[in-house]
Amino acid sequence: MKVLVDMNLSPRWAERIQAAGIESVHWSSVGERTAPDPEVMDWARRNGYLVLTQDLDLGAILASSRAGGPSVVILRMSALPDDAAVARIVAALRGAADDLEKGAVVSVDAARSRVRILPIS
């Protein structure tokens, strides 16, 4: 599993996820800061990454396009990567690994995560 951390989240997320043993990169290290969402999604798809974001638009892009990927994980809690938030995301990534590999949108909040398999109808 490879995680692309979107620009709306701190680069620290990529560092902390990487430290937990999951390959991770922040968008700022691979693309232009001002790149539009479709460019981010295209890069992730071509390079085999899922996208970690707080941007609900990315899930909407997948739903409206009926695309099968890339998978998107929507963070629905603090954008600061404190220990509890990182542990929650890492647990959600590992728990949904099979679905994320096939194509899914996963929404993660402090209490639970929800999985929607792609394409969303």
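Quick note: the coordinates plus some simple rules give every number you see, no bench work behind them. Not measured: the values here are computed from a predicted model. Ideal geometry is used to build each Cβ from the backbone, glycine not excepted, and the neighbour counts take in all protein chains shown.
Restricting attention to region 71-99, which residues are under 12 Å from the mean Cα position of the chain (by Cα) and closer than 17 Å to LEU56 by Cα?
Passing the criteria: SER71, VAL72, VAL73, ILE74, LEU75, ARG76, ILE89.
Inside region 102-121, can you point out the residues that are free of Cβ contacts under 8 Å to residues at least 40 places away in the same chain and outside any strand (DSSP E or B)?
Correct list: LYS102, GLY103, ASP109, ALA110, ALA111, ARG112.
Would you mind stating whether GLY68 is in contact with a Pro (Cβ under 9 Å, 6 or more places away or on another chain), not in a strand (DSSP E or B) and not hydroxyl-bearing (Ser, Thr, Tyr)?
On the way: in contact with a Pro (Cβ under 9 Å, 6 or more places away or on another chain): yes; not in a strand (DSSP E or B): yes; not hydroxyl-bearing (Ser, Thr, Tyr): yes.
Taking the combined requirement at face value, the residue satisfies it.
Mind listing whichever residues of region 31-64 are small (Gly, Ala, Ser), in contact (Cβ under 8 Å) with a residue 24 or more places away in the chain and part of a helix (DSSP H, G or I)?
Within region 31-64, ALA44, GLY59, ALA63 qualify.
Which pairs have Cβ atoms under 6 Å, sit 6 or more apart or on different chains, and link a residue in region 4-22 that is under 15 Å from ALA85 (Cβ atoms) and in contact (Cβ under 8 Å) with a residue 60 or more places away in the chain to one that is among the small types (Gly, Ala, Ser) and surrounded by 15 or more Cβ atoms within 10 Å (Cβ to Cβ)?
Correct list of pairs: ILE17/SER24.
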